[in-house]
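Structure first, commentary second.
The values are calculated or read from the model by the stated rules, or taken from the named source; none is laboratory data. Not measured: the values here are computed from a predicted model. Cβ sites come from the backbone with ideal geometry, for glycine too, and all protein chains shown count toward neighbours. Please note that ligands, DNA and RNA were not included when accessible areas were found on the heavy atoms of the full protein model with its side chains. Shrake-Rupley method; radii C 1.70, N 1.55, O 1.52, S 1.80 Å.
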Amino acid sequence: KTVAKIVDEPFHVFRGTAGLTAAGYVGGNVEDIIEEYFGKAQEWLENRKDPAANDPMKVAKWISTNGGIIAIDEIDKIAASKGTGKDVGGQAVQDRLLTFMEGEEVTITVPAPGNPRGAQVTIDTTHIQFILMGAFSPSGGGDKTGLSQAPLIDIIKARRGSGGSGMEGRADESNRIEEGNLYLYGKEEDFVKFGFKPEFVGRIMGYFAPLRQLGEQDLVRILTHVRGNPIAVEKARYSILGSERGEKGFDLTFTDGALKAIAKKASSKGTGARGLKTVLRQTLGEIGFLAPDMVGEYDEILIVEDIVDSEGVIITEGENKTFRKSGRQKLTVVSTPDEDSPDNDA
């Protein structure tokens, strides 16, 4: 998205990959990708006051000439399933998508002013930049039925040799790679074993960009520092509780131990940063239920590690009492500095 802004081109993320099927089966077609992108490109032209935006034929010609960027998410969902007997969303879809990405003329029907049936346009996909993304960790991987692939990270680990066999597996213990960084060592053969055709892997592998898994320290930073982070959202929400009654609300505070516990819990779920909001919501569940009735009596809420581990059970004993009264003294103005005083900024 950032690159698209820099080069000033339309950008679209296609998220329906899991629903793509081979011709003759119920489901989405590869052509759906370009249909969605057509609308995004048309909107992009409209924002630039380009008159071509009003003519579907001209929009199609613009895409054919200039391309743009399409990111196809969940590409791992079109890996061939093993043992099904049918290949609804596997190798046949890979073949079709490969042709689509390498460049072909695709005819689609798009909305057209004054034509309820829409207009047929032909788009050449040659100049479109495709980006393929995926987590490569299917649920139920490695089950006994053989219907689901093992997670890619397990395939890489097995190839490298967990018992020290092979040249790659004989690395010194001190240099053993953390599991979260194993994606950095993915090879063509790992993707083929995962369920991709060698032709498909060969087409994209030269531009393979692995990302390491998020660790607990990364999750703590996402939880507290990124724009619109979950902690900031909850702090803002609790600060206005009771405002309709003229009350102050709460100062919501998390200890370092609590933040680490939230990150650890989210990490254990294997959902990355997406799990942070879920864990935070569970942590504040009982507190959120009680807080509206506590406004005015208390003005601080302290979240400690024990609350996270017990999913929001209120701690009422000792120093870790959840609802607290502020110990901060109110400041009173004792004098007003003279405008010409050198200490006016104090």
Please return the ranges of helices (runs of 4 or more DSSP H) entirely within region 261-320 where 1 or more residues are over 30 Å from S137 (Cα atoms). 285-294, 305-309
Total residues in region 33-61, condition open to solvent by 50 Å² or more (accessible area, probe 1.4 Å) and in a helix (DSSP H, G or I): 11
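So that you can scan it fast, the table gives a plain yes or no per residue for (1) modelled with pLDDT of 90 or more; (2) open to solvent by less than 50 Å² (accessible area, probe 1.4 Å); (3) under 19 Å from H225 (Cβ atoms):
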{"position": "K264", "(1), (2), (3)": "yes, no, yes"}
{"position": "V295", "(1), (2), (3)": "no, yes, no"}
{"position": "V313", "(1), (2), (3)": "no, no, no"}
{"position": "E317", "(1), (2), (3)": "no, no, no"}
{"position": "K330", "(1), (2), (3)": "no, no, no"}
{"position": "P342", "(1), (2), (3)": "no, no, no"}
Q129 meets each of (1) open to solvent by 60 Å² or more (accessible area, probe 1.4 Å); (2) over 24 Å from the mean Cα position of the chain (by Cα); (3) at pLDDT 90 or above with one exception, condition (2)
Looking only at residues in region 62-83 that are under 25 Å from T21 (Cα atoms) and surrounded by fewer than 16 Cβ atoms within 10 Å (Cβ to Cβ), which one is nearest to the chain's Cα centre (by Cα)? K82
Could you name every one of the helices (runs of 4 or more DSSP H) located completely within region 179-236 that has at least 3 residues being in contact (Cβ under 8 Å) with a residue 40 or more places away in the chain and over 22 Å from the mean Cα position of the chain (by Cα)? 198-204
The lone condition V233 fails out of (1) closer than 25 Å to K269 by Cα; (2) modelled with pLDDT under 90; (3) open to solvent by 50 Å² or more (accessible area, probe 1.4 Å) is (2)
Can we say N66 is over 17 Å from T99 (Cα atoms) and either out of contact with any Gly (no Cβ under 8 Å at 6 or more places or on another chain) or not charged (D, E, K, R) (or both)? yes
If T99 meets every condition in (1) of a type in the set (S, T, Y); (2) closer than 19 Å to P10 by Cβ; (3) not in a strand (DSSP E or B) apart from one, which number is that one? (2)
Could you tell me how many of the residues in region 237-256 are surrounded by 13 or more Cβ atoms within 10 Å (Cβ to Cβ), part of a helix (DSSP H, G or I) and free of Cβ contacts under 8 Å to residues at least 60 places away in the same chain? 2
